[in-house]
Amino acid sequence: MAKGLLIVLSGPSGVGKGTVCSALRQKMPGLTYSVSATTRLPRQGEEHGVNYFFKSKDQFLSMIENDQLLEHAEYVGNYYGTPRDFVEETLEKGQDIILEIEVQGALKVKEKFPEGIFIFLTPPSLEELKDRITGRGTETQATIDHRMSVAVDEINLLKHYDYAVVNDEIDLACKRIESIIIAEHCKVRS
Ligand SMILES: Nc1ncnc2c1ncn2[C@@H]1O[C@H](COP(=O)(O)OP(=O)(O)OP(=O)(O)O)[C@@H](O)[C@H]1O
Ligand SMILES: Nc1nc2c(ncn2[C@@H]2O[C@H](COP(=O)(O)O)[C@@H](O)[C@H]2O)c(=O)[nH]1
């Protein structure tokens, strides 16, 4: 049986990865979502096992030690990582999986899975990006400033991705990503 596609969606904080990914999962119910582990505290309404596996720093470090993470990164003061077994088992079953992760982690996944599909979601402008992070109302001003400064470095790494998708409008961005996945399934592979 053919393996599933590993799809990595990244882009700066607040660009709309989570929003677009939720819309995409509604349109493509066969697409499996990789739930990450993090040491970040839950935001209001976030659930363990749904949005993230929320871990203490010691628990996270032990996941690294035991090689349970496909990749991990430290981002703006917290650790984030992708549980390895779930990704590998999903691909083996022939199902597509999407990872919604930041850029350092995406580049580590690319080293291990060069056959993956790497999609960078871009904001229409940096001003709009800042408005979105601020408007979400989840971050302090200091965190917004930190995330915005990291965003500039992240956008400079766009060249390592296969596709750039602008998130000007949620439905359009979602349609572009759906089209990429459909086209990748039609690709002739040697
Ligand atoms: N196309 C869009 N137009 C306007 N607002 C949007 C659009 N896409 C997302 N948003 C809004 O921008 C904010 C940030 O979106 P979201 O939380 O999905 O970003 P993210 O990239 O997942 O962020 P993070 O990396 O911090 O988790 C949310 O309030 C969301 O409703
Ligand atoms: N390298 C990884 N990055 C991840 C993972 N899960 C989420 N993320 C990214 O972290 C930032 C911050 O997320 P937030 O929920 O605190 O706003 C964002 O870019 C996420 O996409 C992961 O497993 N590995």
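Rule-based calculations on the coordinates, nothing more; no lab input. Not measured: the values here are computed from a predicted model. Cβ sites come from the backbone with ideal geometry, for glycine too, and all protein chains shown count toward neighbours.
Please list, by residue number, every one of the GluC sites (Glu not before Pro) in the range 127-178 that is coil in DSSP and has at most 16 other beta-carbon atoms within 10 Å. Walk me through the numbers on the way to the answer.
On the way: sites: GLU127, GLU128, GLU139, GLU154, GLU169, GLU178; in loops: GLU139, GLU169.
Within the range 127-178, the qualifying GluC sites (Glu not before Pro) (loop, at most 16 other Cβ atoms within 10 Å) are GLU169.
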Treating only Lys and Arg (+1) and Asp and Glu (-1) as charged, each at its beta carbon, one finds that the range 137-190 has a dipole about its Cα centre, in Debye to the nearest 20, of 340 debye
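When the helix-only estimate is applied to the chain (DSSP H runs of n ≥ 4, each -39,500 (n - 2.57), divided by the residue count), what is the mean residue ellipticity at 222 nm, nearest 500 deg cm²/dmol? List each step's numbers first, then the result.
Values: 7 runs with 82 residues, N = 190.
One gets -13500 deg cm²/dmol as the mean residue ellipticity at 222 nm.
What does the extension gain come out to for LEU172 and HIS185, with contour length at 0.36 nm per residue minus their alpha carbon separation?
2.7 nm
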Under 13 Å, Cβ to Cβ, from TYR52 - net charge with Lys/Arg +1 and Asp/Glu -1: 0
Name the residues of the range 58-91 whose amide N is less than 17 Å from a point 7 angstrom out from the Cα of ALA142 along the C-beta direction? 75-79
Excluding residues fewer than 8 places away in the same chain, name every one of the lysines whose C-alpha is closer than 23 Å to that of LYS187. LYS3, LYS27, LYS93, LYS110, LYS112, LYS159, LYS175
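Out of the DSSP beta bridges found with both residues in the chain, what percent are antiparallel (nearest 5)? Before the final figure, lay out the partial values.
Working: 8 of 26 bridges.
Within the chain, antiparallel bridges account for around 30 percent of the total.
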For the range 5-131, just say rounded, prolate or oblate: build the C-alpha gyration tensor, square-root its eigenvalues into a ≥ b ≥ c, call rounded for a/c under 1.5, and beyond that prolate if a/b exceeds b/c, oblate if not. rounded
Tally Lys and Arg at +1 and Asp and Glu at -1 over the other residues with C-beta under 13 Å from the C-beta of GLY30: what net charge comes out? +1
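Please compute the length gained on full extension between ILE64 and MET1, using 0.36 nm multiplied by the number of residues separating them and subtracting their Cα-Cα distance. It would help to have the intermediate numbers written out before the result.
Details: separation 63, 0.36 × 63 = 22.68 nm, distance 3.07 nm.
Answer, rounded to one decimal: 19.6 nm.
Could you pull out the trypsin sites (Lys or Arg not before Pro) across the range 81-117 that fall in loop regions by DSSP (anything but H, G, I, E, B) with no more than 13 other Cβ atoms inside 10 Å? Spell out each step's value before the answer.
Numbers: sites: ARG84, LYS93, LYS108, LYS110, LYS112; in loops: LYS93.
In loop regions of the range 81-117 (DSSP not H, G, I, E or B), the sparsely surrounded trypsin sites (Lys or Arg not before Pro) are LYS93.
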So if I take the centroid of the Cα atoms in the range 113-161 and the same for the range 7-31, what is the distance between those two points in Å? 14 Å
Coordinate range along principal axes, alpha carbons of the range 47-190, Å, largest first: 48, 40, 28
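Tell me the GluC sites (Glu not before Pro) within the range 1-84 that lie in a loop according to DSSP and have at most 15 other beta-carbon atoms within 10 Å. Display every interim value, and only then the final one.
On the way: sites: GLU46, GLU47, GLU65, GLU71, GLU74; in loops: GLU46, GLU47.
Loop-located and lightly packed - GLU46, GLU47.
Over all pairs of distinct alpha carbons, what does the Kirkwood formula give as the hydrodynamic radius of the range 89-173, in Å? Numbers along the way, then the final one.
Details: mean 1/r = 0.0684 Å⁻¹.
Answer for the range 89-173: a Kirkwood hydrodynamic radius of 14.6 Å.
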